[in-house]
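Worksheet: one structure, shown below.
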Amino acid sequence: MGQIALAPYNRGDRAPKPYDRGMQNGPRESSEPVVVLEGVHKSYESGARRHEVLHGVDLQIARGEFLALVGRSGSGKSTLLNLIGAMDDPDRGRLSVLGLALEGADETARTQLRRTRLGFVFQFFNLLPTLTVEENLLLPLELARRVDRAARERALELLDAVGLSQQRASFPDQLSGGEQQRAAVARALAHDPELVLADEPTGNLDDENAAAVLELFQRLLRPAGKTLVLVTHSSTAARIADRTLELRDGRLTQRSLAP
């Protein structure tokens, strides 16, 4: 089992301490991109009109890279994230994630990819209200049929790393918004995914809690060489990324953030 590299998170700390499982053998290294999009198009029908959201998008994301996707509301950021997360199909173009060509993959292969190799963090937490914090953490492992003693120990270590070990038996409605999002981050990492997809993860948080969640991404993902794709409206959130791309008029362009 991995170890907590520093002391458990205390309320007075600036941010939770890192969980460094995955560092035992160092980050996984590969010259192959984690995500490849080539000429991807996506459109939706709205009444009698067809609205093209993505127009020939080309993109490669390297292993271990933190990528931020920015753009105005309705620009297609979440659509692009859903495509990468194997939750939707492009109209045309090539798309592969972690070596799986999604345009030719059946639902069984897509489900296996999502359950075992991808982690998801959403704006609205998406914790199941009838499950405790610990049970929410174990749910991805149960779906992947990977719940055993080691998995339970890992879940407890993650809860400690995000400062929620004392709330393991609490239900989501007993937590603050910041605590719920920290629990959601821990849940996304419970099955040790290679790629984490975060859709506006700080959108419903105040500045202090938003900073804590961003620090979690830095401390829990970077040391283990995980890849993060972060959709955000926040320039502060985008600053943790290695690269920021703006989606405008269905196309991606490089964007530099002002100091």
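The values are calculated or read from the model by the stated rules, or taken from the named source; none is laboratory data. Computed from a prediction, not measured in an experiment: that's the story for all the values here. Here the Cβ is made from the backbone with ideal geometry for all residues, glycine too, and neighbour counts use every protein chain on show. These area figures cover heavy atoms from the full protein model, side chains too; ligands, DNA and RNA do not enter into them. Shrake-Rupley method; radii C 1.70, N 1.55, O 1.52, S 1.80 Å.
Looking for something on the phi < 0 side of the Ramachandran plot and in contact with a Pro (Cβ under 9 Å, 6 or more places away or on another chain) - is there at least one such residue anywhere in region 84-95?
Looking through region 84-95, none of the residues is on the phi < 0 side of the Ramachandran plot and in contact with a Pro (Cβ under 9 Å, 6 or more places away or on another chain).
Quick check: is even one residue across region 115-129 free of Cβ contacts under 8 Å to residues at least 40 places away in the same chain, assigned to a helix (DSSP H, G or I) and either more than 16 Å from LEU220 (Cβ to Cβ) or of a type in the set (Val, Ile, Thr) (or both)? Among the residues of region 115-129, not one is free of Cβ contacts under 8 Å to residues at least 40 places away in the same chain, assigned to a helix (DSSP H, G or I) and either more than 16 Å from LEU220 (Cβ to Cβ) or of a type in the set (Val, Ile, Thr) (or both), which makes the answer no. Filtering region 70-105 to residues that are in a loop (DSSP other than H, G, I, E, B), without any contact (Cβ under 8 Å) to a residue 60 or more places away in the chain and open to solvent by less than 30 Å² (accessible area, probe 1.4 Å) leaves ALA86, PRO90, ALA105.
Among the candidates LEU95, LEU80, LEU128, LEU100, which residue alone is hydrophobic (A, V, I, L, M, F, W, C) and within 24 Å of VAL147 (Cβ to Cβ)?
Numbers: LEU95 fails: within 24 Å of VAL147 (Cβ to Cβ); LEU80 fails: within 24 Å of VAL147 (Cβ to Cβ); LEU100 fails: within 24 Å of VAL147 (Cβ to Cβ).
Step by step, each of LEU95, LEU80, LEU128, LEU100 is checked, and only LEU128 is hydrophobic (A, V, I, L, M, F, W, C) and within 24 Å of VAL147 (Cβ to Cβ).
Just so you know, in region 145-173 the residues that are open to solvent by less than 50 Å² (accessible area, probe 1.4 Å) and among the polar types (S, T, N, Q) include one that is modelled with the highest pLDDT, and it is SER170. For region 195-239, the tally of residues that are part of a helix (DSSP H, G or I) and of a type outside the set (D, E, K, R) stands at 17. Whether a residue is surrounded by 11 or more Cβ atoms within 10 Å (Cβ to Cβ), closer than 20 Å to ARG243 by Cα, at pLDDT below 95 and in contact with a strand residue (DSSP E or B) (Cβ under 6 Å, 6 or more places away or on another chain) was assessed, and PRO33 passes this test.
Every residue in region 240-257 that is without any contact (Cβ under 8 Å) to a residue 60 or more places away in the chain, outside any strand (DSSP E or B) and open to solvent by 60 Å² or more (accessible area, probe 1.4 Å), please. It would help to see each step written out before you state the result.
Residues of region 240-257 without any contact (Cβ under 8 Å) to a residue 60 or more places away in the chain: 253-254, 256-257.
So of that shortlist, the ones also outside any strand (DSSP E or B) come out as 256-257.
Within region 240-257, SER256 is the sole residue that qualifies.
Could you look through region 36-57, keep only residues that are at pLDDT below 85, over 20 Å from GLU246 (Cα atoms) and in a strand (DSSP E or B), and pick out the one that is most open to solvent (accessible area, probe 1.4 Å)? Among those residues, the one meeting the criterion is ARG49.
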